[in-house]
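Q: Attaching a single structure in structure tokens format; questions to follow.
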Amino acid sequence: MGEARENEAKPEGGTSAIITRIAASLNPSEATAFKKLVERCETTQLLDRPSNLDKNDLPSGINDPSTLLRFLRARTLDAEAAHTQFKEALDLRATTSITTFYDEIDTQDFDEARKLYPHWTGRFSKAGLPLCFFDIAHLDGDTLARYNKPHQGREEGVGTKHTLAVHDFLTRFVLPLADVVKGETAEGPVINCLYLVDASSLGLKQAWGVKKYAQETSALLAGSYPEVLSRVFVMNAPAFFPAAWKWIKPWIEAGTAEKLVFLAGEEVLPTLQEYIDADSIPERWGGRFEWRHGMLPCLGKTVKEMLQWDEAQEFPVGPLKWRDDGDGAIACFTGSENGVLRQGKVVKDTETSVINSAEPLVMSGEQTVGTA
């Protein structure tokens, strides 16, 4: 069944205060366009609570004000164009029933799909943006063959349900968490990520093989997850790449292609140091972060201390989302393995790991994370 929206439902409680906070962080022209987009979406009921969203789930990353801001900036402050694109993205969610699928996906399937795309390292940039990593070496012939199998489906024209689920993890869980970690600033919410791509292994044959992958991924990001990319640093591309880029670039959505920054060997570490602390720069580029493709998120020391994360507890496998457990605390939920992060605790099998804070952490200007 499709993911219809409840026409009679009202926007999430506290939404007006969040909208006001976001508008206050914008310049006058942005604030005017943002207000116009909000009013337009309210009129067409696009801010109504999705009917397939569990009653305790927060709409973060689906149709909350921060998501509207991404669509608005993607359309260079054209509120009407942003409204049209936002509606199309919600229609795709309904067609694919992605919210229900996100709850039901097998965690191992999710983990395999996660490795096909830049995935969150568990770290943040100096500006508070989530850091996502990808090693192009992972896109070998076997991986691309599995990606292109018909059973994964391309009938919607922009990716698969698994692809949508992987990117929902960024918008529904990681970006709201980044907003908590960053704290209240005049710059507004964290709405995009910084991507790090290792292109040192790229060969001519592989470059041609990623055509379909590049086309579909960039189309998905541009259509349903606009502005989720702040910048993409592509490190150590081979010498032939400038020539190859001329025929690769047309495969990629123009807005996404403009965000790519190519760094040669001697440029990598100095550039990354401008944006990222050494403890969060992977060792392969001169930092102190022991990171490899496919690893689960590894929270940094500062974030662990902020959340009182148990050092013995690994990051849960599977998709996570933010929930309100009814007493003001925010919780997150994994998929099919029944792992639960509720009331500040991760409960998986018989192990419990405390993730709460001595002081409540404000999220989205209204809720709190980890109240004791």
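The values are calculated or read from the model by the stated rules, or taken from the named source; none is laboratory data. As the structure is a computational prediction, the values presented were derived from the model and not from experiment. Cβ atoms come from the backbone with ideal geometry, glycine included; neighbour counts cover every protein chain shown.
Q: Could you run through the range 175-234 and say how many residues are basic (K, R) and within 21 Å of A89 (Cβ to Cβ)? Spell out the reasoning first.
A: In the first step, residues of the range 175-234 are kept if they are basic (K, R); the result is 182, 205, 211-212, 231.
Remaining after also requiring within 21 Å of A89 (Cβ to Cβ): none.
Going through the range 175-234 one residue at a time, the tally reaches 0.
Q: Residue pairs, Cβ under 7 Å, 6 or more apart or interchain, first in the range 67-83 and of a type in the set (D, E, K, R), second not in a helix (DSSP H, G or I). List them.
A: Filtered contacts from the range 67-83: R70/I191; R70/P226; R70/E227; R70/V228; R73/E227.
Q: If you don't mind, another one. If you go through the range 234-243, how many residues are touching a helix residue (DSSP H, G or I) at 6+ places or on another chain (Cβ under 7 Å) and buried (at least 17 other Cβ atoms within 10 Å of the Cβ)?
A: Here the count works out to 2.
Q: May I pose another question? Among the numbered criteria (1) at pLDDT below 90; (2) over 15 Å from D179 (Cβ atoms); (3) assigned to a helix (DSSP H, G or I), which one does I18 miss?
A: Single failed check for I18: (2).
Q: Another question, if that's okay. From the set of residues in the range 175-192 that are of a type in the set (A, V, I, L, M, F, W, C) and closer than 21 Å to S280 by Cβ, which is modelled with the lowest pLDDT?
A: V180
The rows are residues; the columns are (1) under 30 Å from P238 (Cα atoms); (2) at pLDDT 85 or above; (3) surrounded by fewer than 17 Cβ atoms within 10 Å (Cβ to Cβ); (4) not assigned by TED's automatic domain parsing to the domain that holds P176.
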residue: Q273; (1), (2), (3), (4): yes, yes, yes, no
residue: L296; (1), (2), (3), (4): yes, yes, yes, yes
residue: E311; (1), (2), (3), (4): no, no, yes, yes
residue: D325; (1), (2), (3), (4): no, no, yes, yes
residue: T334; (1), (2), (3), (4): no, no, no, yes
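Q: Same structure again: Can you confirm whether Y195 is at pLDDT 95 or above, hydroxyl-bearing (S, T, Y) and within 20 Å of the chain's Cα centre (by Cα)?
A: Yes, satisfied.
Q: Specify which of the listed residues (K212, K304, K246) is assigned to a helix (DSSP H, G or I) and over 22 Å from the mean Cα position of the chain (by Cα).
A: Within the list K212, K304, K246, the selection yields K246.
Q: Please state which one of I98, I136 is assigned by TED's automatic domain parsing to the domain that holds P189, surrounded by 15 or more Cβ atoms within 10 Å (Cβ to Cβ), in contact with an Asp or Glu (Cβ under 7 Å, 6 or more places away or on another chain) and not charged (D, E, K, R).
A: The conditions single out I136.
Q: Does Q206 qualify as being closer than 26 Å to L164 by Cβ and part of a helix (DSSP H, G or I)?
A: Spelling it out, Q206 is indeed closer than 26 Å to L164 by Cβ and part of a helix (DSSP H, G or I).
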